[in-house]
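J.: Here's a structure for you.
No value in this document is a laboratory result; all are computed from the given coordinates. Just so you know, these numbers come straight off a predicted model, no measurement behind them. Virtual Cβ from ideal backbone geometry, glycine too; neighbours counted across all protein chains shown.
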Amino acid sequence: MSKIEKNLIIDPDIDEAVEYVEVWEDVVSIKDLVLSLIICSITTLGAYFIAPNEPPKPLFFGLFGAILGFAICSILIKPKRILESAKDGK
């Protein structure tokens, strides 16, 4: 199980504090994490339940639903990471 730490980061561009958690060595927003889990669950289960009842098809429909959910989440939720490049080892 991964180590979960709560971080409260105050963004100067936004008037409110945003709460982040650390999951698998990365920091994510709780709101975005829950939203993406809901979207992916709905698309995966929806595709699984509309699949024909022949043995391999529910698996493939569920996988397609998961990929569709991932695509939707990657469009709706933008990365929060700020990358800075260091010059001359500084």
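J.: Inside region 37-61, can you point out the residues that are assigned to a helix (DSSP H, G or I) and aliphatic (A, V, I, L, M)?
T.: Within region 37-61, 37, 38, 39, 42, 45, 47, 50, 59 meet the criteria.
J.: Quick one: in region 18-36, which of the residues that are assigned to a helix (DSSP H, G or I) and touching a helix residue (DSSP H, G or I) at 6+ places or on another chain (Cβ under 9 Å) is surrounded by the most Cβ atoms within 10 Å (Cβ to Cβ)?
T.: Among residues in region 18-36 that are assigned to a helix (DSSP H, G or I) and touching a helix residue (DSSP H, G or I) at 6+ places or on another chain (Cβ under 9 Å), the one surrounded by the most Cβ atoms within 10 Å (Cβ to Cβ) is 36.
J.: Also: Can you spot a residue in region 57-75 that is under 30 Å from residue 29 (Cβ atoms), loosely packed, with under 10 Cβ neighbours inside 10 Å and out of contact with any Ser or Thr (no Cβ under 9 Å at 6 or more places or on another chain)?
T.: Yes, because at least one residue in region 57-75 is under 30 Å from residue 29 (Cβ atoms), loosely packed, with under 10 Cβ neighbours inside 10 Å and out of contact with any Ser or Thr (no Cβ under 9 Å at 6 or more places or on another chain).
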